[in-house]
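Since the structure comes first, as structure tokens, the remarks are kept for the end.
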Ligand SMILES: [Zn+2]
């Protein structure tokens, strides 16, 4: 005996082969945007986005994640390294929401609580607590945090130093996932310093690939500009695109040293 609603529930809990995706599959901001825009490796039909836990597509993932996988949307963002500030929804869905929000604000929208409470909620939103997993998670529990030996971290830094971005190295099957690197850097200042130095010493072309150009690049580009070189010439000399030089020499822009560390 299987009622219609049971069949529907079972279908909702089906997981496609290759899912859930176990490690953050994105190693550049471009990959993340491709995913959120439904193109690239996790291509979705127009107006939809792929759920990385089961492989099905939805217009927006929020309610699906909670109801089917028992995962809060922030938990999902953290697991896959997605930005906190972008809705996990298809582009036209996001567009619709932001239009609606803009419209409400133009029409004199006010928060449904007093100013102090609102300020508190905004302040708390960047470190919302993790939601505990529900008992019945269709995709099985997430991996427990594992203590990763120092040998692994040494090897990680060695591979980065050989001229790869941290994101590229983390994709190696024997390397930890992104969230492990994040916690390691937070909890071990010695490692964090070695990591920063390793990244800082990378060739500019590699840093550019990982969106992690820092002050050393700015200084080098400024010095060349002061010699009267064109952006195109500076780009050739430093091994990056002209647009990269332009972005980093544009003094109106805030310095963005390592966008990945701001999660
Ligand atoms: Zn799903």
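Bear in mind that the values in this text are calculations on the coordinates, not laboratory data. Note that this is a predicted model, so its numbers are computed, not measured. Every residue, glycine as well, gets a Cβ built from its backbone with ideal geometry; the counts of neighbours run over all protein chains shown.
Length gain on complete extension for the stretch residue 161 to residue 223, per 0.36 nm per residue less the alpha carbon to alpha carbon distance?
Length difference between fully extended and current span is 19.8 nm.
Just check region 150-201 against the gyration tensor rule for me: Cα atoms, a ≥ b ≥ c as the square roots of the eigenvalues, rounded for a/c under 1.5, and otherwise prolate or oblate depending on whether a/b exceeds b/c.
oblate
Using a Förster radius of 41 Å, what is the FRET efficiency between residue 182 and residue 99 based on their Cβ-Cβ separation? Nearest 0.05, please.
Between residue 182 and residue 99 the formula returns 0.75.
Could you tell me whether region 4-92 comes out rounded, prolate or oblate from its Cα gyration tensor? Rule is a ≥ b ≥ c as square roots of the eigenvalues, rounded for a/c under 1.5, then prolate if a/b exceeds b/c, otherwise oblate. All intermediate terms of the calculation are to be shown ahead of the outcome.
On the way: a/c = 1.67, a/b = 1.57, b/c = 1.07.
Cα axes put region 4-92 in the prolate bin.
Whole Å is fine, so just give me how far the alpha carbon centre of region 1-75 lies from that of region 162-226.
30
Let me make sure I get this right: for region 181-220, a, b and c are the square roots of the gyration tensor eigenvalues over alpha carbons, sorted descending. Under 1.5 in a/c it's rounded, otherwise prolate if a/b > b/c, else oblate. Which is it?
Prolate, because a/c is 1.5 or more and a/b exceeds b/c.
Note down the nm distance, to one decimal, between modelled labels 7 Å out along Cα→Cβ at residue 7 and at residue 196.
Output for this residue pair reads 6.0 nm.
Using a basic spin-label model with each label point 7 Å from the Cα along Cα→Cβ, how many nm lie between residue 250 and residue 236?
2.4
Express in nm, to one decimal, how much length is gained between residue 154 and residue 67 on full extension, taking 0.36 nm for each residue of separation and deducting their alpha carbon distance. Don't skip to the end; give the middle numbers.
Working: separation 87, 0.36 × 87 = 31.32 nm, distance 4.06 nm.
Using 0.36 nm per residue and subtracting the Cα-Cα distance, I get 27.3 nm.
Which residues in region 146-189 have a backbone N closer than 14 Å to a point placed 7 Å from the Cα of residue 30 along the Cα-to-Cβ line?
Under cut-off, by backbone N: 165, 168.
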